[in-house]
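Here's the structure, in C-alpha cells; my notes come after.
Since every read-out is calculated from the coordinates, none of them should be taken as a lab result. What you are looking at is a predicted structure, and each value in this text was computed from that prediction instead of being measured. Note that each Cβ is placed from the backbone with ideal geometry, even for glycine, and that neighbours are counted across all protein chains shown.
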Amino acid sequence: MSKGDSGGGAAVGGGSATATGATGAGGAIGPSGRSADGKHDVHLPADKKRLTIDQADAALKQMGGRIDKGSAKSDLNTKQTTYSVKLPNGSTQRLTAKELAKIVYAGKR
C-alpha cells in the first residue's frame, strides 16, 4: 500500500496520487455531502491505477455510498484487494479495487 502526496490512503488501482475533491458547477452538493443527481465532482487521476482509496471514498460519499476502509482484504493468490462497499443503491458488496474504480469513474460528473 502506498500513501498519496497530500491526501494519503492506499492506492486502489495500484500507484499513488493526491486526493483532492472539489465542489462546484455541475450539481448541488447538499448538507449531507451527497449530490442530488448521484454523480460526483471529485478530481480523479487520468490513470485509473493511480486512484487512491480516499479519492474513491470521497467520490462514493457524494454519490450516496461509502467504503469501509477497515474491511480491506488482500488475496495473495489473485493479487487483488477487496473492500466492503455500500453502493449508492443501498446494497453492500465486496468489490475488488478494479470494480470500485469502474463505479467511481462512471459516476464522474
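Net charge near Gly65: determine it from the other residues with C-beta under 10 Å of the C-beta of Gly65, scoring Lys and Arg +1 and Asp and Glu -1. It would help to have the intermediate numbers written out before the result.
Details: positive: Arg34, Lys61, Arg66, Lys86; negative: Asp57.
Once all neighbours under 10 Å are counted, the net charge is +3.
Other residues whose C-beta falls under 11 angstrom from the C-beta of Lys98 contribute a net charge of +2, scoring Lys and Arg +1 and Asp and Glu -1. Other residues with beta-carbon under 14 Å from the beta-carbon of Lys39 carry, at +1 per Lys or Arg and -1 per Asp or Glu, a net charge of +2.
Using the structure shown, select from Lys73/Lys108; Lys61/Lys86; Lys39/Lys69; Lys48/Lys98 the pairs with a Cα to Cα distance greater than 19 angstrom.
Numbers: Lys73/Lys108 26 Å; Lys61/Lys86 10 Å; Lys39/Lys69 21 Å; Lys48/Lys98 8 Å.
Beyond 19 Å: Lys73/Lys108; Lys39/Lys69.
At a 10 Å Cβ-Cβ cut-off, how would you order Arg66, Arg94, fewest neighbours first?
Details: Arg66 16, Arg94 12.
Lowest to highest Cβ neighbour count: Arg94, Arg66.
Dipole size of the stretch 48-92 about its Cα centre, with +1 on Lys/Arg Cβ and -1 on Asp/Glu Cβ: approximately 140 debye, rounded to the nearest 20.
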